[in-house]
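The structure appears below as structure tokens.
Quick note: the coordinates plus some simple rules give every number you see, no bench work behind them. Only a predicted model underlies this, so the values are computations on that prediction, with no experimental measurement involved. Here the Cβ positions follow ideal geometry from the backbone for every residue, glycine too, while neighbour counts run over all protein chains shown.
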Amino acid sequence: LASVLQLTKLLSHRPEVIVPAGYGLRTFQGPADVPLWLALRDRAFARLRVGIRSWSSADFDSELTAKPWWRDEHLWFVHGATDPADVVGSVVLAARGEGPTARPVVHWLSVLPSHRRNGLGRLLMARLEQQCWDLGQRQVWLETHVAWTAAVELYRHLGYLPATGVE
Ligand SMILES: CC(C)(COP(=O)(O)OP(=O)(O)OC[C@H]1O[C@@H](n2cnc3c(N)ncnc32)[C@H](O)[C@@H]1OP(=O)(O)O)[C@@H](O)C(=O)NCCC(=O)NCCS
């Protein structure tokens, strides 16, 4: 589909992670985080010209925790500095394929509308890329939609390029 963009980036160095003032960064801590993540996803993807289907906690399990690549420490939240439950952004590091040829893939990058343009999307991507680097990966993939213009601009800004011919 022409409306789906496959993008990729070669990592040239280990990204630095700088958390903007007023925010904290943490990983997924278990079942209590599931409703927080689902509500964040709904709110972040609302009002996009091309929307997404809302997920239940059963969807969370089948789409994320049941996957062979799932690791609690590969779902990050940005939250308000004083309250870890006040989640305002998230990203998931997934994989396509299995074993030594598995490719790191970015899933569900989301920041609440009221917290955008504060560098949180950039922060989440830097943390994910840093993790990939530390795992020995030097290339990251993702899929996005041409209608998700903020995301397309962010990825372009970060150096992601069309993965033409790569797959
Ligand atoms: C995409 C998204 C995560 C970006 O989050 P964010 O925290 O606002 O992004 P940042 O503040 O880190 O932006 C970093 C850079 O990306 C670019 N950018 C981000 N949003 C942009 C927009 N709406 N228009 C143009 N450029 C944009 C800018 O270059 C920006 O740097 P600047 O603010 O210094 O100009 C957020 O808009 C979102 O949740 N969108 C809806 C969900 C979505 O589309 N997710 C991606 C699915 S693949």
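Restricting attention to strands (runs of 3 or more DSSP E) lying wholly within the range 48-167, give those where 3 or more residues are near the ligand (Cβ under 9 Å from one of its atoms), touching a residue at least 12 places away in the same chain (Cβ under 8 Å) and more than 28 Å from ALA32 (Cβ to Cβ). In the range 48-167, the matching strands (runs of 3 or more DSSP E) lie at 139-145. You will find that of TRP108, TRP141, the residue that is in contact with a strand residue (DSSP E or B) (Cβ under 6 Å, 6 or more places away or on another chain), surrounded by 12 or more Cβ atoms within 10 Å (Cβ to Cβ) and over 13 Å from LEU11 (Cβ atoms) is TRP108 and no other.
Return a yes/no flag: does the range 114-122 have any residue that is more than 18 Å from LEU11 (Cα to Cα), charged (D, E, K, R) and surrounded by 14 or more Cβ atoms within 10 Å (Cβ to Cβ). The answer is yes, given that some residue of the range 114-122 is more than 18 Å from LEU11 (Cα to Cα), charged (D, E, K, R) and surrounded by 14 or more Cβ atoms within 10 Å (Cβ to Cβ). For the range 1-47, a residue qualifies if it is of a type in the set (A, V, I, L, M) and part of a loop (DSSP other than H, G, I, E, B), and the qualifying residues are LEU1, ALA2, LEU11, VAL17, ILE18, VAL19, ALA21, ALA32, ALA46.
Yes or no, residue by residue, for (1) within 17 Å of ASP86 (Cβ to Cβ); (2) surrounded by 15 or more Cβ atoms within 10 Å (Cβ to Cβ):
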| site | (1), (2) |
| --- | --- |
| PRO31 | no, no |
| PRO35 | yes, no |
| ARG41 | yes, yes |
| ARG49 | no, no |
| PHE60 | no, yes |
| LEU64 | no, yes |
| TRP69 | no, yes |
